[in-house]
1. In segment B:113-156, what residues are touching a His at 6+ places or on another chain (Cβ under 9 Å) and closer than 21 Å to B:A231 by Cβ?
2. Identify all residues within segment B:111-128 that are under 19 Å from B:L60 (Cα atoms), part of a helix (DSSP H, G or I) and hydroxyl-bearing (S, T, Y); write none if there are none.
3. Taking only segment A:727-743 into account, find how many residues are within 14 Å of A:M625 (Cβ to Cβ) and of a type in the set (A, V, I, L, M).
4. Assuming A:A541 fulfils every condition listed in (1) surrounded by fewer than 20 Cβ atoms within 10 Å (Cβ to Cβ); (2) in contact with an Asp or Glu (Cβ under 8 Å, 6 or more places away or on another chain) apart from one, which condition is it?
5. Condition test on A:A346, is it touching a Pro at 6+ places or on another chain (Cβ under 7 Å), surrounded by fewer than 24 Cβ atoms within 10 Å (Cβ to Cβ) and either at pLDDT 95 or above or not hydroxyl-bearing (S, T, Y) (or both)?
6. Only one of these conditions is not met by B:A255: (1) in contact (Cβ under 8 Å) with a residue 40 or more places away in the chain; (2) more than 14 Å from chain A (Cβ to nearest Cβ); (3) within 30 Å of A:G676 (Cα to Cα); (4) not basic (K, R). Which number is it?
7. Out of (1) touching a helix residue (DSSP H, G or I) at 6+ places or on another chain (Cβ under 9 Å); (2) assigned to a loop (DSSP other than H, G, I, E, B); (3) touching a residue at least 12 places away in the same chain (Cβ under 8 Å), what's the single condition that is false for A:R688?
8. Applying the selection to segment A:198-232, what residues are basic (K, R) and buried (at least 24 other Cβ atoms within 10 Å of the Cβ)?
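The values are calculated or read from the model by the stated rules, or taken from the named source; none is laboratory data. Everything quoted here is computed from the prediction, not taken from an experiment. With ideal geometry, Cβ positions are generated from the backbone for all residues, glycine too; neighbour counts draw on all protein chains shown.
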Amino acid sequence: MNIHAKSVGAVRYVGSRQPRKEDGRLLTGRGQFTDDIRLPGMLHIAYVRSAAARGRIVSIDMDAAREMPGVHAIYTQADLAAVPVAMQTFFFTPIEAPVTLLADGRVACVGDPIAMVIADSRALAEDAASLVEVVIEEETPVVTIADAKTGPLVHPDRDDNISAEMGDEDTREAIQPLLDGCAHVVSTRIRHQRIAQSPMEGRACVASPEGAGEMTVWIGCQSPHLAARYIALVLGLPAEALRVIAKDVGGGFGLKNIPWREEVAVIVAAKLLGRPLKWIEDRFEALTASSHARDQDVSLTVGFDGEGHLQAAWCDYACNNGAWPMGEDANIAVHMFMWPAYKLPAYGFVTRGWYTNTMGLGAYRGPWAMESLVRETLLDKAARKIGIDPVELRRRNLVYLTDQPHTSTLGIPVTDITPGECLEKLVASIDLAAFRKEQVEARKQGRYLGIGIATYIEPTGAAGSMAPMTGETVHLRIEPTGKVVAMLSTHSQGHGTATTMAQVIAQQLGVAYEDVAVYEGDSAIGAFSPGAAGSRQGVIAGGATWRAAEMLADKVKVVAAHLSNASVEAITIQGGMVHVAGAPEMTRSLREIAEIAYGEPGRLPEGAATGLEAQYRYQPPPMTMTSAAHCCMVEVDAETGFVKILRWISSEDCGTVINPGVVEGQIAGGLAQAIGQVLLEDMPYDARGNPLAPTFKDYLMPAISDVPDFEYLHASTPSQTIGGMRGVGEGGCIIGPPTLVNAIADALSPFGEIEELVLPLTPARVLDVIEGRDISGTRAHLEGGASAAVEAVLPVEVAAPAAAGGIDGDWNMILKTPMGPQVMVAHFDTDGSAVSGYLEAPEGRQDFAGGTLSGRQVKFEMKVEKPMKITLKYDLLFDGDSMSGKCKMGMFGSAKVSGERA
Amino acid sequence: MKPAPFDYVRPGSVEEACRILSEAGGGATVIAGGQTLMPLLNLRMSQPFVLVDINGIAQLKGVTRVEGGTRVGPATRQADALGDKTLARHLPAFITALGHVGHYQTRNRGTIGGSVALGEPAAEMPATAVALGAHIEIASIRGSRMVPADAFYIGPYMTVLEPDELVTGIVYPDWPDGHLVLFREVAQRPGDFALVGLVGALEVEGGVIRRAGIAWFGMGPTPIRARQAEAALTGASLTGIDAPGVARAAVADTAPFDDHHASAEYRRTVGARIFARCLRETLDIRSAA
């Protein structure tokens, strides 16, 4: 099937540094961003936001603002409520916090939108917004995770401030004896600061109501298809009534995975007012009121045997979700992906998300990146403690290709990961011994050099296990002109998908790269895909275009063979020309073939469809793993605590590299964010819940002078997908932080360990380590607040009499899974102490048997296939007409179960 | 981020500008390069009724030699000043400090007067004016006056400038040819305001320091003159200077603060080190020469 691509002389576009198709318009200021949309009659929106972190809204006085000329409407939640909205997560599950588009009687964070002003211009809207007087009865806010554990409820109708919870405290009892028996036990704690996502272009939305209930929406998003599906779902609109367009978007990073409160409010207001409306987020809003990221507190303890082999590990993870997260998140992925690349026999964890009166959290490039940061920094700490070279420690524990297939402690199967191979390639490219020698010499002169190495794997191209994570569609055609048009489900916020997909098409079809036009960024073309989410487009859309181009090439060959009275095998396509083996005089251009295919159906083979078109939707394997090892060298100024990055080498394996420039751009962008997270960026809150870095004067983004030139090594082990690509979008942001922290820790090793890593590592915090005192004031600050050592306040189980009236019959049951709550009907039939029954959800019904009843406790097991093969172990306690308990879900840990008699 | 409504005027002379400022009764703000003011306007942290654009006033631009010193017009662009031969010849410390103000792009718009008059305590140019002993030339319809730079600053972004007054010049006294320049700053990124920094000049004659002018930035609510260090250095022989001791004296005059970028303790600790390092290196260059 691939003869044309492999034939001598075919242009190998895949693997070449083609200039990006997007660059011409972007570099000359001709991109089309949402703010470039100007519609007749369009009005502009400014939001009135809360200056208080927590409290009851006493009054909203809009009289003066409404009287301003040019003001058309001012809406509060009471107005928007005319259109019912049920906000959902990226996974299309309900948001559990009582989130409304605008504040509904209470505010829960600074920046909470309270009212929207609609005026002739944004300036007028801001003028009017400043005249809206909001009186709030302020309450003491819950700001930190420690506050959340002991403070009042962020959402008064919920049971506690735990937004999401997974894992199992009980497993600690199994892990602790294993740790006790270890030759070396190493612990670490990391407090990751809050990140403001800061895309170059903030959020933006233009909504234009058209005709009978139709709507066109331009929005800064990561997939117009996902945005369209999301908007239709949360508003209950028919999908055909909605078109979403997003041609150019200046960065997404997860923030733009789904339209959030402000964007949905624009759409609702446009419906109410019947006019096109525009909202462009400004930088102040972007920093303080766009979904933040990270803000985690994690402790990891790992036991090693005398030779440094991993024995057991325990992790306690907490994440400050803020008031209105874009999905309550205990970040189960941190635990799922912490160890699959390492041979670790036993792992246990508890993981929780906490509500606070701060801006809500959203996904951010490598949302689970903490697994690499905490593991890789702990491994280096362990190497120093045990007295083993950090590379050697990894060699003893990594899962090499020769160790595979391998299944992780939590049940993740790995079959083709190459972190060890990437590490060997990396180590071979640097002279470690020479660096160590230079390091020793430098220390004698009071110069502190450090080297950091880290390895990781990353799940990419996920498809088939979670609602939005699915395949990609390409519609491909050769026009009657002989030029090629591709319409894709992809979306680029800087990813260069038009470039890489055109390279694949040009190579597989046998045409010039310049002759391929790629259209994307419009829900009216392509088909559903979540776009740039989870490092997936190169893998999945790459596979789709790969196959579609082959299908179309086959069609061309069939037509050409028929016209030439030759066999299909004799036809090749190169450079837009269709050749017949042994008959050069029969060569035709694609244009000639296309003109016949479209215009002269009588000359086509009998039964052949006219035109030259192909469509393919690629559903790849459920997950494709990418691996990498990075090395960073730094010099730390021991007098000032400043870190200078001297060199950074990336050794990654993203399978088939379609365009090295695009791949390296993705890695570099992620590494820049990594450098920002380790050294510069920070969105702290004060005790009153005020964000302290509301402008770029205080929120320090890495600039060109802070980011070195990176060096790249590509391992290129093809994956199991069509084309053999592996995802590379998030990797730099995941592997970057531990690589840099390890280099700094190595430089600081003559002074001591970074006992507790508090990010960012400002010069003052580096000096803390060098001088062994609290110069930065970090310890005083952390200990001055509520004690971080306060344990989670867990509901106490009180003994109750056995279920009155038995448990037989139907129960409405809710299972809190990592992808959101699942509502189902549970049916139980008891026979003495034996229990059988079924669970029924909209997706289907599954029976179970072999359960046991003991007092008021019921235990039963159920095997499920999706999202992967796991056994669910239910352990339920019945109390009259209600029940509660937990469900152990294999690697997903435990989920809470609650229910009531139907 | 749109500014609140304001009237815009572009006077052609200092007299006209002063009249407008006087008539506005405190409701006017002067704009030159706008590198700080525009963000403040857009954030509505500054909401003047009248914006007085001084870019049309020719006499506020340029560098001139005056008796015993150099006068810099406040509307002189930072980029122009950086390339000015008179400043390079007479005020090397000024040029060194100016190279750390903002970025290449912002220096094309930003002005010397804007930086001096804003009074950002962590900025280079106010401290430079204090260290070199500059005078701020001020005009209003009530007349004109000269204020020594170290009496000009009274708090963060606060100066003695009255609402009806306009800075019309900054006059830097001459330092003798061959004087030494002290400059060191610690900023998280190039172009950022300093966590801690110092700027100064030393007049040396016959191996003895005859005059010292040194000021800190980022070390308190205003630029802070290192008076104790100046006193310790003045009259000292180059070979007998206890750099760490002078640095300690220099830090003793400061009043730094905590923010989320650095603590007061960091500023004091590192301030003493960069002061000593800067002094040592500057004097080493001198003795090697």
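1. Across segment B:113-156, the qualifying residues are B:A129, B:P148, B:A149.
2. Matches in segment B:111-128: B:S115 only.
3. Number of matching residues: 3.
4. Evaluating A:A541 over (1) surrounded by fewer than 20 Cβ atoms within 10 Å (Cβ to Cβ); (2) in contact with an Asp or Glu (Cβ under 8 Å, 6 or more places away or on another chain) leaves (1) as the failure.
5. Details: touching a Pro at 6+ places or on another chain (Cβ under 7 Å): no; surrounded by fewer than 24 Cβ atoms within 10 Å (Cβ to Cβ): yes; either at pLDDT 95 or above or not hydroxyl-bearing (S, T, Y) (or both): yes.
No, not satisfied.
6. For B:A255, the failing item is (1).
7. Answer for A:R688: the failing condition is (1).
8. Filtering segment A:198-232 down to residues basic (K, R) leaves A:203, A:229.
Correct list: A:R203 only.
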